Amino acid sequence: MSNDARRGKQGIIKASEIGQYKFCSVAWFLQKRGYTPESPLILAGRKRHVEIGDGLEKAGRMKRTSRILLWIGLLMIFLALIGVVMWLA
């Protein structure tokens, strides 16, 4: 049996892991061994990511709402123009 076959999926390195390794090889090694660091900065970073995600979702909702309101406004202008044309006729 080859060395690669014995390792199984542990021998596979994902593309994202290359970036992690390049940034900090020690942290990559420890993470591969199951160590999950906890610190106030990591917890704050996770919280900030959630806040950013929530903000992006809110921005998406606001964009959809603004488009709906734009179409309603354009429809109202169109109906007003029809009313003016009919009034003048």
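The values are calculated or read from the model by the stated rules, or taken from the named source; none is laboratory data. What you see is a predicted model; the values in this text were computed from it and never measured. Positions of Cβ are backbone-derived with ideal geometry, glycine not excepted, and every protein chain shown enters the neighbour counts.
Among the helices (runs of 4 or more DSSP H) lying completely within segment 1-76, list those that include at least 3 residues that are acidic (D, E), at pLDDT 80 or above and touching a Phe, Trp or Tyr at 6+ places or on another chain (Cβ under 8 Å).
Ranges flagged: none.
Would you tally the residues in segment 29-45 being over 19 Å from E17 (Cα atoms) and either among the hydrophobic types (A, V, I, L, M, F, W, C) or surrounded by 10 or more Cβ atoms within 10 Å (Cβ to Cβ) (or both)?
Looking only at that region, the number is 4.
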